[in-house]
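As structure tokens, the structure follows; a few thoughts come after it.
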Amino acid sequence: MKRIADWWKSLDSSTKGLIIIGLICIIGIIIRWDYVWGGIKKGFNYYGGGAD
């Protein structure tokens, strides 16, 4: 834990912001995976003419 805390303190504020935003996006994708997967399938069906 101490290594992670020291590493976090050594980062720029902009880098910390990017890491936090990235984690929020990943958590959002995991929470709404069915919605994200539905959008991916619709996109492939649009270009590929799939059977869904």
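So the values come out like this:
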{"quantity": "Single match in Ile24, Ile40, Ile20 (criterion: out of contact with any helix residue (DSSP H, G or I) (no Cβ under 8 Å at 6 or more places or on another chain) and at pLDDT below 95)", "calculated": "Ile40"}
{"quantity": "Unique match (being acidic (Asp, Glu) and modelled with pLDDT under 90) among Asp6, Asp12, Asp52", "calculated": "Asp52"}
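The values are calculated or read from the model by the stated rules, or taken from the named source; none is laboratory data. Keep in mind that this is a model prediction, so the values were computed, not measured. Heads up, the Cβs are rebuilt from the backbone with ideal geometry, glycines too, and the neighbour counts pull from every protein chain shown.
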